[in-house]
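Derivation of every value follows stated rules applied to the coordinates shown; laboratory data play no part. Everything numeric here is computed off the predicted structure, so don't read it as measured data. Glycine also receives a Cβ, built like all others from the backbone with ideal geometry; neighbour counts cover every protein chain displayed.
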């Protein structure tokens with residue numbers, strides 16, 4: 001008589017293992033969103049038509065006179081429904097300033113999706129700013145950290161003209177430079193024959209002032225006071241008109 005042995009144990013074990021493995025659901029991957037940070041810097045109370053025409057920058061360089069103040073606007077945005085929308089995205093944002101050693105430091109914040117900071121002084125000289133978003137998670141969506149473009153606030157010196165005195169067909173006037181650059185030389189250029197030409201080079205005294213004698217006319221003669229830039233302040237070209245009328 002032949003005997004047939006049923007091998008049930010291993011088969012049952014394999015079946016149970018297959019069912020167990022098939023019932024384990026794969027973990028859901030966290031959604032990743034798109035984020036960005038933006039910056040906008042404005043001059044408060046522009047003092048000239050030239051400044052009024054370019055009082056805002058979102059990238060590049062903004063020229064500002066010494067002693068003026070600027071406003072810094074920061075924004076954080078997420079992308080959905082085909083457009084960018086202001087959103088905190090569960091994170092925080094800061095305004096950063098570039099330090100002399102090349103690193104970035106948080107100088108304003110934290111803020112939410114939008115903020116503006118008034119009265120940032122320019123007396124410290126030229127500075128570069130950006131907005132930093134820390135990244136965050138909201139409603140199961142993770143938004144990565146982001147940084148805005150950089151804006152450099154280039155601060156140039158200011159020339160104050162006082163004590164004008166008529167000397168024949170010339171005008172004597174005292175020029176004072178702020179911030180001070182005592183004992184330094186400044187260049188005076190005159191507009192002649194359709195271009196700027198060097199007229200004189202004078203040295204400032206210990207008070208960063210000098211008295212100059214410049215030819216004038218009824219229509220007005222145009223001059224340019226030029227001061228070279230340094231690590232703290234930008235090159236300055238200060239226009240000046242001497243008129244007899």
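Numbers for the structure displayed
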read-out	value
Ranked 81, 118, 63, criterion: other C-beta atoms within 10 Å, fewest first	81, 118, 63
Relative contact order, percent, region 129-173 [alpha-carbon distance under 8 Å, six or more residues apart]	28 percent
Extension gain from residue 245 to residue 101, taking 0.36 nm per residue of separation minus the Cα-Cα distance	46.6 nm
Packing-based exposure ordering (other Cβ within 10 Å, fewest first) of 169, 130	169, 130
C-alpha center-to-center spacing [region 71-103, region 191-245] in angstrom	42 Å
Burial order of peptide ranges 223-229, 89-95 (average beta-carbon count within 10 Å, highest first)	89-95, 223-229
Whole-number percent relative contact order across region 31-156, with pairs defined as alpha carbons under 8 Å at least 6 apart	35 percent
Order of 150, 242 - criterion: other Cβ atoms within 10 Å of each residue's Cβ, fewest first	150, 242
Region 158-242 - percent relative contact order, Cα under 8 Å, separation 6 or more	28 percent
